[in-house]
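Written out below as structure tokens is the structure these notes cover.
Computed from the coordinates by the stated procedures, all read-outs in this text should not be read as laboratory data. Since the model is a prediction, treat every value here as computed from it, not as a measurement. Cβ: placed from backbone, ideal geometry, glycine included. Neighbour counts: every protein chain shown.
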There are 2 protein chains.
Amino acid sequence: MTASRSTALHTDRYELTMLDAALRDGTADRRCVFELFGRRLSAGRRFGVVAGTGRLLSLIRDFRFGDDELRFLRDERVVDAATLDFLEVYRFTGSITGYREGELYFPGSPILTVEGTFAEAVVLETLALSVLNHDSAVATAAARMSVAAGDRPLSEMGSRRAGEESAVAAARAAYIAGFGATSNLEAGRAWGIPTMGTAAHAWTLLHDTEEEAFRSQIEALGTDTTLLVDTYDTREGVATAIRVAGTDLGGVRIDSGDLPLVAAEVRAQLDELGATGTRITVTSDLDEYAIAALAASPVDSYGVGTSVVTGSGTPTAGMVYKLVARQDSAGAWVAVAKASTDKASKGGRKAAFRTLDRGTATSELIVVSDGFEDLATAASHRDARSLQVTLMTDGEPDAAFEGHEGVEAAREHHAFAREELPVRGLALSKSDPAIPTVYADAADSAHLASDS
Amino acid sequence: MTASRSTALHTDRYELTMLDAALRDGTADRRCVFELFGRRLSAGRRFGVVAGTGRLLSLIRDFRFGDDELRFLRDERVVDAATLDFLEVYRFTGSITGYREGELYFPGSPILTVEGTFAEAVVLETLALSVLNHDSAVATAAARMSVAAGDRPLSEMGSRRAGEESAVAAARAAYIAGFGATSNLEAGRAWGIPTMGTAAHAWTLLHDTEEEAFRSQIEALGTDTTLLVDTYDTREGVATAIRVAGTDLGGVRIDSGDLPLVAAEVRAQLDELGATGTRITVTSDLDEYAIAALAASPVDSYGVGTSVVTGSGTPTAGMVYKLVARQDSAGAWVAVAKASTDKASKGGRKAAFRTLDRGTATSELIVVSDGFEDLATAASHRDARSLQVTLMTDGEPDAAFEGHEGVEAAREHHAFAREELPVRGLALSKSDPAIPTVYADAADSAHLASDS
């Protein structure tokens, strides 16, 4: 068994050195607003998918410094004694509002807004970004595959191509974005995701003949199982499969070769043998483009590995966590932002809305405020859907977003949000975001300036 | 605190369905040899770096099915009652030999050889691949960055761009491959890796002026700290930094802009101000190519984030875990391999050697055997270094490869192995592997056929 561990050291050292210095100079208690957002969508994607939120809420609750963590920080002289005292009783007591898990996002979308003192909010940066950047990258790729697959079921089976814990998170993110099952048993246990899988090539190689392997598998798993037919010769494999299982065989899996060609050959052979109901699953190095290319092939379901768990070329969503507003020494709120030209960001607290025209999204409307007026109502006169919900209050997560229930809610919300996209937003080719990001000033929400 | 968890469900469901069927048909007890290897190097890389071995050995020891795991498997009907009984007392009791952590690898290198019954060895596939594929992808990218950086120190600071647990593994892998420190505190605690970091832009933005932020940081961390100077205007930031800290300031960090240009300007300004000993650290979206391009710039150290933790375009090493030999029903050993054309592999147990010419590597020599003759001596007459060591015996890891000690040994071994590469093997451009993989038959090791 792995040792019980706090999440508190999943943190870049500079978060704690800043905390240390802030406790000395009195700025630690300044109320702050940090925002987690992406400056752009990666690789010409037309939308991003928020994932990881439910995981993050639980991890933030577990973000406590125990004896082990404090001893390490003391021994390594990362912080001084006063800071150790602060950390010993630390828990995040602030609030988090943000996009629902499964929601779509666009450049500048305020995915999370974290409010609290500087001290309590700054230390969450690394953990929040680790979770959201990884999970959202996977979910975004998975959603594109789900679009490409249409009504055909998709299974995630890439655990072996991702770090062992990230693999579980990846299975969860893919499920939220439209996959139907995973090979990863821990994802089944931890998140309630349906698990699948029957046999690998090792199963056939273990036996003296392919026929023995198939016969044994059917005895154990029944005729409705899926037999892997490409270990030696696919045509012989299919013939053996039907000879052993009969024409009621559930499915065959093909894991190599030129898939459109092989799928067509296998379908014809199955039909010829009378196994017209036997399904074909393909699993060899698929990504969204390969899936799209198989749309006209007689394939019944897809298994996707490497490409989904690695974000199909974009393994991290590139989101950042930035201080956007804080109190000054007199307690007044100030919007702040880095000024450097290539990494500039927009200061101020934000409210976000998806404007709609007869149910189809037309823009990501972000209302910026220097102060704290009621942003939630600032743009409510428009035909728009408010995108932010309260995720955490006084450091306590809203239970609806956690656990198995949170995963199912996220999956449903994703399907709902994707329905709002204009059709061009679903294309796989590189392009601009499906809808523009439009900024407005809370003081004058009628005056909208495009900033896409 | 996160709950104590077994690693046993970090497993694809089909490993357990195969186990279930094998326990029924009597093949579960057949002795087997599984091999973990890469068919090719990714993206025109000239060498790969093995990483994750030390982590994996500990995780395999923790691969036990407790009440939680068994309950899940029973409730989900993944396996039958007999298999649950088997899993309840399961521990891996076999042996693992393989490449030392930090070693270089090439196409076909037998990185791990796992021996045991089919039942006990097949279930380790997913976990072994998750760990080795992730960690080796990071280490391989890190080694290229280390080559590009030459004598300048490299720090890993990409935790926020990787899943929260993979981030720790990535820090460890980068350190093994030549990085000197990490921002990740958990990597410091868990693996003894030096940690670093001072302040982010939020630190400057928190304060009413940049000067106040710098003054406070110096009071907390001393004059030898590194000040981040690009929040507003880099030229003013540098001037403020030296005005506040004096010419003994340890360093300045630049995180944006055209780095060769900015580094030269900052160096000139620092020298002009008399701060000739103040170091320059750059940290903006660096990869091995950007580092190489800065070789002639006045930069003292590099901080690398996204690109190293995501394997610089190759987030997974693409290794596979294949059954290569097994006993038949009469107990005789049989070499086995999948025959499909695009994923064929080479059956049989293997011994691996790096042949050398006056200390420079000339080939990866892999001696294949259908049986179990003493492969370790098969090629010992050559000028060659044997690449395999015993990592685990009767299910117990060799302690020298685990924990902090294992990390330090791996880092040393990597530096040693990299020294053997021919100079062309260190170039960053895409090419064939630095040395060819040469297969030989144990029965006739004088007759060597190239298979590169």
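Taking a point 7 Å out from Cα toward Cβ as the label site, list the nm distances between residue B:330 and the same residue in every other copy, smallest first.
9.6
Taking beta carbons within 10 Å but only from partner chains, what does the mean come to for residues A:295-304?
For this peptide, the per-residue mean of nearby foreign Cβ atoms is 0.
Just rank B:145, A:392, fewest to most, by other beta-carbon atoms within 10 angstrom.
A:392, B:145
Can you sort B:129, A:87 so the residue with the fewest Cβ neighbours within 10 Å comes first? Before the final figure, lay out the partial values.
Numbers: B:129 27, A:87 21.
Ordered by Cβ neighbours within 10 Å, fewest first: A:87, B:129.
Please give the Cα centre distance for segment B:150-196 versus segment A:383-431, rounded to the nearest Å.
With segment B:150-196 and segment A:383-431 each reduced to a Cα centre, they are spaced 33 Å.
Could you give, in nm with one decimal, how far residue B:394 is from each other copy of that position, shortest first, with labels 7 Å out from Cα toward Cβ?
Spacings between copies for this position, smallest first, are 5.8 nm.
Can you tell me the 0 to 90 degree angle between the C-alpha axis of helix B:210-221 and the longest principal axis of chain B, rounded to 10?
It works out to around 60 degrees.
Calculate, in nm to one decimal, what residue B:70 and residue B:89 gain on full extension: separation in residues at 0.36 nm each, minus their alpha carbon distance. Present the calculation step by step, with values, prior to reporting the outcome.
Numbers: separation 19, 0.36 × 19 = 6.84 nm, distance 1.09 nm.
Here the segment from residue B:70 to residue B:89 would lengthen by 5.7 nm.
Tell me, in nm to one decimal, what length is gained between residue B:297 and residue B:408 on full extension, where the rule is 0.36 nm per residue of separation less the Cα-Cα distance?
That pair, residue B:297 and residue B:408, stretches by 36.9 nm at full extension.
Under 1.5 on a/c is rounded, so check that first for segment A:198-299, then, if it is not, pick prolate when a/b is larger than b/c and oblate when it is not; a ≥ b ≥ c are the square roots of the alpha carbon gyration tensor eigenvalues.
Prolate, since a/c reaches 1.5 and a/b exceeds b/c.
From other protein chains only, count the Cβ atoms within 10 Å of every residue's Cβ in A:227-235, then give the mean. Show your work: numbers first, answer last.
Working: counts 0, 1, 0, 5, 6, 3, 2, 1, 0.
Going residue by residue through A:227-235 and averaging, the value is 2.
Classify segment A:1-74 as rounded, prolate or oblate from the Cα gyration tensor: take a ≥ b ≥ c as the square roots of its eigenvalues, call it rounded if a/c is under 1.5, otherwise prolate when a/b beats b/c and oblate if not.
Oblate is the answer for segment A:1-74, as a/c is 1.5 or above yet b/c matches or exceeds a/b.
Neighbour counts of other C-beta atoms within 10 Å: give me B:159, B:312, A:155 arranged from fewest to most.
Values: B:159 30, B:312 22, A:155 25.
Going from least to most buried by this count: B:312, A:155, B:159.
Work out the mean other chain Cβ neighbour count within 10 Å for the residues of B:317-325 and drop it here as an integer.
3
Say the dipole of the protein assembly as shown comes from +1 at the beta carbon of Lys and Arg and -1 at that of Asp and Glu; which of B:54, B:413, A:365 then lies farthest toward its positive end?
Most positive-ward Cα: A:365.
Could you tell me whether segment B:162-216 comes out rounded, prolate or oblate from its Cα gyration tensor? Rule is a ≥ b ≥ c as square roots of the eigenvalues, rounded for a/c under 1.5, then prolate if a/b exceeds b/c, otherwise oblate.
It comes out prolate by the Cα gyration axes.
Rounded to the nearest 500, what is the 222 nm mean residue ellipticity of chain B from helices alone, with -39500 (n - 2.57) per DSSP H run of 4+ residues and division by all residues?
About -10500 deg cm²/dmol.
Ranked highest first by the average count of other Cβ atoms within 10 Å around their residues, in what order do A:109-122, B:347-360 fall?
On the way: A:109-122: 23.6, B:347-360: 18.9.
My ranking of the peptides, most packed first, is A:109-122, B:347-360.
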